[in-house]
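What follows is a set of notes on a single structure, which appears directly below.
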Amino acid sequence: MYVALSLAAMIGLLVCLILIYTRLEIGLIEVPQRKRTMVHTTFSVYLGWITVAPIANVAALLVDLGWDAYNTTAIYITVAMILIALVLTVLNTYIRGDVAYAAVLVWALGGIIQKQMNTFLIPWVAGFSIVVIIAALALKKTGRLG
């Protein structure tokens with residue numbers, strides 16, 4: 001029950017951070033370096049963490065509900081959540097070019113690979129996601145993506 005409440009709180013926090021991120025127009029407007037460093041980067045990193053945190057919380061909820069960690073359904077749910085995070089990150093990169101947000105996702109996905117090395121499919125999808133995010137960032141920075 002506590003895990004479900006934690007997941008609900010995290011989703012509420014995610015919604016609030018998305019609203020703040022949108023309101024600040026991070027990645028869309030030019031701001032002084034100090035504001036970019038102190039405000040925009042801070043919210044980008046925080047939003048990145050809260051984007052990826054539900055993956056861990058859903059996994060914890062599944063364990064709390066008694067699902068086996070090597071259960072095929074749990075693996076596919078985790079893979080689906082990683083792919084959702086990938087799509088959100090590529091969209092964010094395309095629209096805003098937010099390197100800090102993408103870097104958090106790459107780092108977190110690397111941690112998922114390390115933790116789930118013995119699990120079917122999850123490390124492969126996380127690794128694929130890292131490659132796609134880095135490619136999207138490179139394409140954005142060279143002007144070939146949006």
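The values are calculated or read from the model by the stated rules, or taken from the named source; none is laboratory data. Every value quoted in this text rests on a predicted model; they were computed, and no experiment measured them. Positions of Cβ are generated from backbone atoms using ideal geometry, with glycine treated the same way; all protein chains shown enter the neighbour counts.
Couple of notes before you dig in:
- Members of the range 44-70 found to be modelled with pLDDT under 85 and assigned to a helix (DSSP H, G or I), listed by number: 54, 55, 56, 57, 58, 59, 60, 61, 62, 63, 64
- Here residue 58 does not qualify as within 30 Å of residue 146 (Cα to Cα) and hydrophobic (A, V, I, L, M, F, W, C).
- The one condition in (1) farther than 17 Å from residue 108 by Cα; (2) surrounded by fewer than 16 Cβ atoms within 10 Å (Cβ to Cβ); (3) free of Cβ contacts under 8 Å to residues at least 24 places away in the same chain; (4) not aliphatic (A, V, I, L, M) that residue 36 fails to fulfil: (2)
- Test: residue 73 is surrounded by fewer than 16 Cβ atoms within 10 Å (Cβ to Cβ), hydroxyl-bearing (Ser, Thr, Tyr) and at pLDDT 95 or above: no
- Yes/no for residue 83 being within 12 Å of the chain's Cα centre (by Cα), under 19 Å from residue 54 (Cβ atoms) and surrounded by fewer than 21 Cβ atoms within 10 Å (Cβ to Cβ): yes
- Top-ranked residue in the range 15-30 [being of a type in the set (A, V, I, L, M) and surrounded by fewer than 16 Cβ atoms within 10 Å (Cβ to Cβ); ranked as farthest from the chain's Cα centre (by Cα)]: 29
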